[in-house]
Amino acid sequence: MKSYLSKAKAAAHDFHHHHHNQDSSNPEKFPAHQKMAVNTTDQPSTIQQPSAGEILRYRYHHGTNVGSVFVLEQWLTPHMYPDGSQSAELAAVTSTIKQMGIDGAQAKFENHWNTFVSDADLDWLANTAHCTSIRLPIGYFTLGPAYCQHTPFAQAAQVYTNAWAAVKELVSRARSRGIGTLLDFHALPGGANGGDHSGTNSGKAELWGNHSNLDLALRCLLFIANEAKAWDGVIGIQLCNEADHGANGIYAFYDSALAQMGQIDKTMPIYISDAWDLGQASAYCNGKNSLSTGVANPLLVDTHLYWCFSDADKARTPQQICQDVGEKLSVLKDGNVVDHGACQVVVGEYSCVLAEDCWARCGGDSKADLVNAFGQTQSQRYQDKAGGSFFWTYRMDWMDGGEWGFAQQTQSGAIKPPASLALGNPDVQSRISNAQANQNSRMQATVSAHYQYWDTNHPGNYEHWRYENGWKVGFADAQAFFGSRVSGGLQGTGGDKIGCLDIWVKKRIVESGMAGPFVWEFEQGLRHGVRDFYALAEI
């Protein structure tokens, strides 16, 4: 399993071993070993203004899952299950064919795909919930009859004739409202896990170690990559959902998928399941996002955070769980792409659900207050530490969904979008104007502090012009993301932040063409330019 660790180039210079001992309040923090870019001489910069598509993909994703549309779950959409059916998609489609015939089943399923998420739903997500993105679970059967052959869905293949067209239409409808879609390959051949949300009630994870299932899964991913390349609005492709912990060969599967998908479209962000081991997945992500990989698909880790299933969580109080939320994602390192690559984590599923045993330990607090505290604590933690978060889930037959409902938890104030998303466009514009008015003085102060710190505390030969260059890029990028709706690049109101900052920084370093032992100055300048724009815009 060592093969996935970073293969970045060895350090060209060994800078100041005592940097590790710097106090966190100091303006600069760098590890002892600064790594050198692959090239030894600078190349021409290719940095351009961030496009609307790049902003969709790299901003903070305040989102929700839209489950049980293309991968049915009985508890969410019982209306799609004839009486007596088991709980998975296969059971629903099989029993519906028995009840209505294959043509009737096809009509019923197509109606569900096309209408379950209405225009009013999407308007509410965009305008009231300030939702930037949705995570859309799909299955191998969703890709159409060709991908159902020699699988448990073979007899139901006709039902899925127009499923992929329905996915494309939903992506387009969301994009017209400024919402991006993460295509989540949720139900894989054989199952990446034994859950019924993998498409069948087998109870087994038979993807791993099965050559034919893995081959079909890869063919599916290549189809998705080919299709999504031409679509406007896809923010990423997730290779699998909730892979079993310790799944056999999972990182070899990721390696193969990344290599082949990268040949189709290197710009598409790829999301991987952490398989319930965030530390291992983060190390893999760092390696794949190292500068030595050059232009490659940005890789993000999808981790799921629930507190309602384990016996340990059932034995705790809601107050203890709220405290635990504040410690999650602490495995992630402070950003330093030059030294250890980019690690970008997104919380792909979470909720406001706790076990009844836990709610019974509320003490003197009301359940409603504790639900709000639980949701707000999660919202804040994920906005601080992750590149985005997707609540589970938005649509179900029993709206507004209780503690499983993005609608109910948004309306109650438990789930809070980043404050910048709730700003009106005139406010966004005035904050940009204020930041611009103070840009030069702030840059001079920050750049001077950088020069003084290093030249005074660690005298030596530097290339400080790289820091100033990076600061200008970072400030301009933060402004472009924040003002994308005001400028007309994206629909709606509010201002975005660069939520997926680590992979954005990696992208910018590569585009800068910079090389040699002082690329770290460009990176830290860029990060501080972003920070200074936020400070001046007061976001």
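The values are calculated or read from the model by the stated rules, or taken from the named source; none is laboratory data. Every value quoted in this text rests on a predicted model; they were computed, and no experiment measured them. Note that we place each Cβ from the backbone using ideal geometry, even for glycine, and neighbour counts take in every protein chain shown. With ligands, DNA and RNA removed, areas are computed over all heavy atoms of the protein, side chains included. Shrake-Rupley method; radii C 1.70, N 1.55, O 1.52, S 1.80 Å.
Annotations for the structure displayed:
- Sulfur and carbon atoms: percent of accessible area, the stretch 389-533 [1.4 Å]: 48 percent
- Computed over the stretch 265-364, the alpha-carbon pair-distance distribution with 10 angstrom bins reads 14, 37, 25, 16, 7, 1, each value a whole percent.
- In this calculation the C-beta distance from Ser176 to His79 is compared with R0 = 22 Å, giving a FRET efficiency of 0.20.
- Normalised contact order of the chain, rounded percent, pairs of Cα under 8 Å and 6 or more residues apart: 20 percent
- Overall form of the stretch 91-218 per C-alpha gyration tensor (a/c, 1.5; a/b vs b/c): oblate
- 19 Å Cα-Cα reach of Lys367 towards aspartates and glutamates, excluding residues that sit fewer than 8 places from it in its own chain: Asp313, Asp324, Glu356, Asp357, Asp400, Glu403
- Inter-centroid distance (Cα atoms) of the stretch 59-127 relative to the stretch 176-249, Å: 18 Å
- Rounded percent of accessible protein surface that carbon and sulfur make up, the stretch 227-292, 1.4 Å probe: 47 percent
- Over 24 Å apart at the Cα level, from the set Lys328/Lys472; Lys314/Lys385; Lys416/Lys507; Lys204/Lys314; Lys385/Lys497, are Lys328/Lys472; Lys314/Lys385; Lys416/Lys507; Lys204/Lys314.
- The stretch 420-539 - percent relative contact order, Cα under 8 Å, separation 6 or more: 44 percent
- Of the labelled figures [x] 42, 26, 19; [y] 55, 31, 21; [z] 41, 26, 23, only one reflects semi-axes √(5λ) of the Cα gyration tensor in Å as derived from the coordinates, namely [z].
- Shape call, the stretch 346-411: gyration tensor on alpha carbons, a/c limit 1.5: oblate
- Antiparallel bridges, percent of DSSP beta bridges restricted to the chain (to nearest 5): 5 percent
- Where the stretch 400-463 is the region considered: accessible area per residue in Å², 1.4 Å probe: 49 Å²
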